[in-house]
Amino acid sequence: MRLFIDTANVDEIREVASWGVISGVTTNPSLIAKEGRDFKQVIEEISSIVNGPISAEVISEDAEGMVEEALELVKISNNIVIKIPMTSEGLKAVSVLAKKDIKTNVTLIFSPLQGLLAARAGASYVSPFIGRIDDIGTDGVALVEQMAEMFNIHNIDTEIIAASIRSPKHVIDASMAGSDIGTIPYKVFKQMLNHPLTDSGIRQFLSDWEKAIK
Ligand code: G3P
């Protein structure tokens, strides 16, 4: 599973990108609003930090408006992916953009059928929201597993981005369920990195080393 970071905070992106582990970034209107900065400026800055796909979401609710926004956003950089919500207007926009070779990420996917529709409309990526599915007492990872199997059986090359990841366990489970990509918040990246046995192991090595050279 490839790793994307799910944030619009450029400091967080810079830090995790410096580890050499991320190959893309996803944002959404809530994450952009949290930064209190100009949308296009943020996306431009992110695309200068990370070479891979950068998802920037449209806010129009009609297909025409979505396409118009998309055509502006792709001018920012050649790695912009247009994030579009899973609605009938969204699907219309995805199919128009696919014909123009513009990559799309269909977001707010909560069922395998929504995933199939998005894939058939020509989406490059689909984003099932596993945390939000768990929130309502259903199994988010099971959705990823079902979609991965469905896409595999039918040779669908739309990639699955496991989104709304809330914990390191979600990352493990999404990868074992066959997700192509996991988009992970900064906090979860830090949780994945740290382990108490690594910290105590380093302290032990250094103290043994110091004792030996004294
Ligand atoms: O990638 C989608 C993600 O940003 C949503 O996460 O935690 O708001 O459900 P969350």
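The values are calculated or read from the model by the stated rules, or taken from the named source; none is laboratory data. All values reported here derive from a predicted model rather than from experimental measurement. When we count neighbours, we look across all protein chains shown, and the Cβ atoms used for this are built from the backbone with ideal geometry, even at glycine. The accessibility values were calculated without ligands, DNA or RNA, using every heavy atom of the protein model including side chains. Shrake-Rupley method; radii C 1.70, N 1.55, O 1.52, S 1.80 Å.
How about the stretch 81-99: which of its residues are open to solvent by 40 Å² or more (accessible area, probe 1.4 Å) and part of a helix (DSSP H, G or I)? The answer is Ser88, Glu89, Lys92, Val96, Lys99. Of the residues that make up the stretch 197-213, is at least one farther than 28 Å from Gly20 by Cα and either of a type in the set (Gly, Ala, Ser) or touching a residue at least 40 places away in the same chain (Cβ under 8 Å) (or both)? Scanning the stretch 197-213 turns up at least one residue that is farther than 28 Å from Gly20 by Cα and either of a type in the set (Gly, Ala, Ser) or touching a residue at least 40 places away in the same chain (Cβ under 8 Å) (or both). Scanning the stretch 21-39 for residues that are more than 16 Å from the ligand (Cβ to nearest atom) and surrounded by 14 or more Cβ atoms within 10 Å (Cβ to Cβ) turns up Val21, Arg37. Count of the stretch 152-179 residues, restricted to those that are among the charged types (D, E, K, R) and within 11 Å of the ligand (Cβ to nearest atom), is 1. Among the residues of the stretch 6-29, those that are closer than 16 Å to Ile82 by Cα and of a type outside the set (Asp, Glu) comprise Thr7, Ala8, Gly24, Val25, Thr26, Thr27, Asn28, Pro29.
One residue stands out among those in the stretch 85-125 that are hydroxyl-bearing (Ser, Thr, Tyr) and out of contact with any Pro (no Cβ under 9 Å at 6 or more places or on another chain): the one that is nearest to the ligand (Cβ to nearest atom), which is Thr104. Listed by first and then second residue, the pairs with beta-carbon distance under 7 Å, at least 6 apart or on different chains, first residue in the stretch 14-36 and under 25 Å from Ser124 (Cα atoms) and assigned to a helix (DSSP H, G or I), second of a type in the set (Val, Ile, Thr) and open to solvent by 50 Å² or more (accessible area, probe 1.4 Å), are Pro29/Ile59. Is it the case that the stretch 70-80 has a residue that's under 17 Å from the mean Cα position of the chain (by Cα), closer than 21 Å to Val188 by Cα and open to solvent by less than 30 Å² (accessible area, probe 1.4 Å)? No. Only a single criterion out of (1) within 16 Å of the ligand (Cβ to nearest atom); (2) assigned to a helix (DSSP H, G or I) is not satisfied by Ile5, namely (2). Only residues that are hydrophobic (A, V, I, L, M, F, W, C), within 25 Å of Leu97 (Cβ to Cβ) and more than 17 Å from the chain's Cα centre (by Cα) were counted across the stretch 111-162, and they come to 7.
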